[in-house]
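The values are calculated or read from the model by the stated rules, or taken from the named source; none is laboratory data. The structure presented is a predicted model; accordingly, all values stated were derived computationally and were not measured. We place every Cβ from the backbone using ideal geometry, glycine too, and count neighbours over all the protein chains shown.
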Amino acid sequence: MRVSCLQENLARGLSIAGRAVSSRMSLPILSNVLVSTDEGRLRLSSTNLEIAITCSVGAKVEEEGAIAVPARTFADFVSTLPAQPLSMAADMATQTLHIQCGRTKANLKGSPAEDFPSRVVAPPDGAIELDAELLRRMVSQVTFAAAPDMERPILAGVLADFEGDRLTLVAADSFRLSVRRAQLAAEVEEGSRNIIPARALNEVARIAGESESPVHMQVLEERSQVLFRIGDVELVSQLVMGVFPDYNQIIPKAYLTRTVVDTKELLAAVRRTSIIARGANNIIRFQIRAEEADEPSHLTVSAVAAELGDNVVDLDALVEGESTRVAFNAKYLSDLLDAISTENVVLETSSPSSPGVFRPVGPDAEDFTHIIMPMYVAD
């Protein structure tokens, strides 16, 4: 292999591909990045066997070839080079990658490309085109609600439900549920329901945020994988096998109290009271007051900890229905409010022991629904 390219392009490619590098000591080859040529381009590939990322870099290819080299060492070294053209040549006999940039030369010891897992090649058709910015927003509003570990693989994933011209993303753990719907530019020929690891979707959203290209998604059913193509980057992830819970049964169909409050003010109040809530199992209390003859409706956010003290924040709110109280986990509230971009947010409640239903206030309010289970607080 003999190629030349720009240092900044190579550094960017290594930064993207490096997100899938594994640190498993049992499989040392996975700590490498595969440097290969394909159809006149330079490809950088990495995998941890759960997700794989391939980034294509514009280059002048003089001789085809491939070699696997330590990902961190390669990326750290390239990042220190000056922003100018560099050349690379692989010596297959000694499995060494020779690098030259200006007056700097280096030799990196590598491994045979044959030891690296093979790249998944998708069929030429069957991909669904998604708007990159829309997908990025959708992912940011659901993945934080997925379970944080793989002990419960289904709940560590996100349900992607395609039906007609609608896409629904759903994530849930045992205490919260996030549902985000969106209309697609065109109908999908065949509907599908697949569970994609939340980590993989977060990587797709991060890559999409750095690109102006649309996202092409393709489910490879025979391999139980999904492939995303964003410009010069491909990400392949294993699908999670199993049945996602029926989330529609979890969403309450009615409420007794509807509270509308300023999103930024509520987020600030939650962050302020969460300092005291740390000493009380992270519990934040909402006291919702309906309008009375001598007092306008309002929302009181508070936290009480026996060893720390207490604090209270009073907020203007529009309350329809009965006065009530309910308590939530501070982190869950903060995660949700960070994901809402509208000026106001609505909370629908029925009792202190019933789930709280949160929605943004706006023309697309029904497209985003978030459920948080309440916490028990003794009177």
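Observations on the structure shown:
- The stretch 302-335 - residue that is of a type outside the set (A, V, I, L, M, F, W, C) and part of a helix (DSSP H, G or I) and, of those, nearest to ARG176 (Cα to Cα): TYR332
- Checklist (1) surrounded by 13 or more Cβ atoms within 10 Å (Cβ to Cβ); (2) of a type in the set (D, E, K, R); (3) within 30 Å of VAL219 (Cα to Cα) applied to GLU114, failing item: (1)
- From the list SER237, SER213, SER178, the lone residue that is within 25 Å of VAL21 (Cβ to Cβ) and surrounded by 22 or more Cβ atoms within 10 Å (Cβ to Cβ) is SER237.
- Taking the criterion of being among the hydroxyl-bearing types (Ser, Thr, Tyr) and touching a residue at least 24 places away in the same chain (Cβ under 8 Å), the residues of the stretch 26-49 that qualify are SER31, SER36, THR37, SER45, SER46, THR47.
- Close pairs from the stretch 275-287: first over 23 Å from ASP316 (Cβ atoms), partner buried (at least 22 other Cβ atoms within 10 Å of the Cβ) and of a type outside the set (A, V, I, L, M), Cβ under 9 Å, at least 6 apart: ASN282/TYR332; ILE283/PHE328
- In the stretch 66-76, residue nearest to SER87 (Cα to Cα) [restricted to those that are in contact (Cβ under 8 Å) with a residue 12 or more places away in the chain and surrounded by fewer than 18 Cβ atoms within 10 Å (Cβ to Cβ)]: THR73
- Odd one out for ARG103, checked against (1) at pLDDT below 95; (2) touching a Lys or Arg at 6+ places or on another chain (Cβ under 7 Å): (2)
- Close contacts from the stretch 314-334, counting a first residue that is acidic (Asp, Glu) and a second that is in a strand (DSSP E or B), with Cβ to Cβ under 7 Å and a gap of 6+ residues or different chains, come to ASP314/HIS298; ASP314/THR300; ASP316/HIS298; GLU320/ARG258; GLU322/THR257.
- Of the residues screened, GLY209 is not one that is small (Gly, Ala, Ser), free of Cβ contacts under 8 Å to residues at least 60 places away in the same chain and under 26 Å from ALA365 (Cα atoms).
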